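Below is one structure, written out as structure tokens; the observations come after it.
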Amino acid sequence: MLRNLLAQARELGINLLDTAPAYGTSEQRLGPLLRGQRDQWIICSKVGEEFTDGQSHFDFSAKHTRQSVERSLQRLGTDRVDILLIHDIDSAAHGADAPAYFRQAMEGALPALAELRDQGVIGALGLGVNMADACINALDHADLDCCLIAGRYTLLDTAILDDLLPKCRARGVSLIVGGPYNSGVLAGAPPKSATFDYRPAPPEVLARVAELSGVAEAHGVALPAAAIQFPLGEPAVASVIPGMRTADEVRQNLAHFNAKIPAAFWQALKDEGLLRR
């Protein structure tokens, strides 16, 4: 299945593979499939979090970072990673302990990755998080190339317009937007099974989605198409990662990506107070 998914994605023009040691056997499974076609792909992986024995383990020290990168290279069967992100150092992952992990990452993982970037082992470095606070703080301390932030620049959440996006624009830092469907609720899932931020969608979110869907229907727009295209209206956004499990989902997402959306639809969302001006 994975081989067919990759073949379909590459045929349709998708070339970014987002993986991580924390994603189970993702790197091990990708490695053999990349042989002979490594240059066709942009590989994004991560350091700091690993998932073993049914739970996450975190270590953002310089030593562990270097070891983690080496293990990722071995699993992927390559001598370089195009994008390397410090994984999950935000408040969503660590709560009250987040400041301590953040300091360890800034003092350990970040300098180690900067050295590897200088050596050409990695191309770009940044953060991969679910909350904007870590990216905002890191940009005050670090020379980042990019940030991957999941679920925080969508039709349902545009708070980063106030802080992170202006900072990224000023610094020339690219954003990779993960989770444009907010883990499912904007993908057209039935309300009873719809999820928001990986949990059952609460009533207020479902009500908002119903309003968005009404405007979309009035303009002949599929809501998932609006959701996947919305982040790309921001010049600082370099890529969107919706997550695709099958070749059918690759084709479906590409159809949403290529759908024609009239300007009147976006204006209507603003007029209805569903999208900030």
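The values are calculated or read from the model by the stated rules, or taken from the named source; none is laboratory data. Keep in mind it's a predicted model, so treat the numbers as computed, not measured. Every residue, glycine among them, receives a Cβ derived from its backbone with ideal geometry; neighbour counts consider all protein chains shown. Quick note on the areas: whole protein, heavy atoms, side chains included, nothing else; ligands and nucleic acids left out. Shrake-Rupley method; radii C 1.70, N 1.55, O 1.52, S 1.80 Å.
One residue stands out among those in the stretch 40-63 that are in contact (Cβ under 8 Å) with a residue 12 or more places away in the chain and hydroxyl-bearing (Ser, Thr, Tyr): the one that is nearest to Leu16 (Cα to Cα), which is Ser45. Residues that are open to solvent by 40 Å² or more (accessible area, probe 1.4 Å) and more than 16 Å from Val221 (Cα to Cα) were ranked within the stretch 245-271; the one that is nearest to the chain's Cα centre (by Cα) is Arg245.
Of the residues making up the stretch 216-237, those that are surrounded by fewer than 16 Cβ atoms within 10 Å (Cβ to Cβ) and within 14 Å of the chain's Cα centre (by Cα) number 1.
Scanning the stretch 17-40 for residues that are open to solvent by 40 Å² or more (accessible area, probe 1.4 Å), under 15 Å from Arg3 (Cα atoms) and not in a loop (DSSP other than H, G, I, E, B) yields Gln28, Arg29, Pro32, Gln40.
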